[in-house]
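The values are calculated or read from the model by the stated rules, or taken from the named source; none is laboratory data. Owing to the predicted nature of the structure, the values given are computational and were not obtained by experimental measurement. Here Cβ is always computed from backbone atoms with ideal geometry, including for glycine, and neighbour counts include all displayed protein chains. To get the accessible areas, we keep the full protein, side chains included, count just its heavy atoms, and leave off ligands, DNA and RNA. Shrake-Rupley method; radii C 1.70, N 1.55, O 1.52, S 1.80 Å.
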Amino acid sequence: MPATANVQTVELKVRMDCEGCERKVRNAVNSLRGISTVEVDRKQNKVTVTGYVDANKVVKRLRRAGKKAEIWPYKPYHLVYYPYTAPAYDKKAPSGYVRNVDPTFPSYPPADNNAHETYTSLFSDDNPNACTIM
């Protein structure tokens, strides 16, 4: 019985330069048990594996085959709040993708319950650091 009871799709970033590298990756992944399909996109350096697999086992198998492999670190840029900020933007990312970062803004509901008080005190006469535009 497989260790993973559900069919999973695992996306990996694997450095591939030629057809030989692609063949090596495909053969290494197909040698694992529980693999249904393997899709290799050499242009994006992306390997998509579907089946009863564990992502860490696939990464270990590819590293044992001599390939540098990691879990797919990118996300489509339209799903990220600020895709061109320093932590998200990556020159090496495929077209239309940015680094997968944790969304820190906007946070709904606000993490600070005193946010309303903070905003109202910005223009208060009692606050010595208040905005003095008026």
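The listed residues Tyr89, Tyr52, once ranked by accessible area (1.4 Å probe) with the largest placed first, stand as Tyr89, Tyr52.
Quote the FRET efficiency, to the nearest 0.05, computed for Asn56 versus Leu79 with a Förster distance R0 of 22 Å and r equal to the Cβ-Cβ distance.
0.35
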